[in-house]
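This report refers to the structure that appears directly beneath it.
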Amino acid sequence: MENVVLIIHLILALSLIGTVLLQRSEGGGLGMGGGGGATGSRPAPTAMSKFTWVLAIAFISTSIALTLISANNSAGSSVADQFNPGASSVDVEAPDLGDNLLPPSSADAPLVPAGD
């Protein structure tokens, strides 16, 4: 179910990007540029702008649906449950390294380099 909603969500995202890019610029972005007509008047909504609103509402709906599905799938579990050090399925013993990790004794190696 989550994959179906995710695919629909991705299709809606790409469609929304496409419709926004296809719309004609109205020239008054962020209130700059000043346009003809009365102050505060907006042009009548076109079919493209209505379609953009429908895609935006559907995109938000699928976003909420994906959030709810994800929250439902992870209910009752924690990230800390994945890291339980006491429940190891494979027992590994440390290798016996003997005296290899100890520094050399004075009898084994001279402290002063030979030839001095």
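The values are calculated or read from the model by the stated rules, or taken from the named source; none is laboratory data. What you see is a predicted model; the values in this text were computed from it and never measured. Using ideal geometry, Cβ is built from the backbone for each residue, glycine included, and neighbour counts are taken over all protein chains shown.
Flag: Ala71 matches the condition of being surrounded by fewer than 10 Cβ atoms within 10 Å (Cβ to Cβ), under 19 Å from Val4 (Cα atoms) and either modelled with pLDDT of 80 or more or not hydroxyl-bearing (Ser, Thr, Tyr) (or both).
Let's see how each residue does on (1) outside any helix (DSSP H, G or I); (2) exposed (fewer than 11 other Cβ atoms within 10 Å of the Cβ); (3) modelled with pLDDT of 70 or more:
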position	(1), (2), (3)
Val4	no, yes, yes
Leu16	no, no, yes
Thr19	no, no, yes
Gly33	yes, yes, no
Gly37	yes, yes, no
Ala56	no, no, yes
Phe59	no, no, yes
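Taking each residue of region 15-26 that is over 11 Å from Met48 (Cβ atoms) and charged (D, E, K, R) and looking for partners that are modelled with pLDDT under 90 and part of a loop (DSSP other than H, G, I, E, B) with beta-carbon atoms closer than 9 Å, six or more apart or interchain, yields Glu26/Gly35; Glu26/Arg42; Glu26/Pro43.
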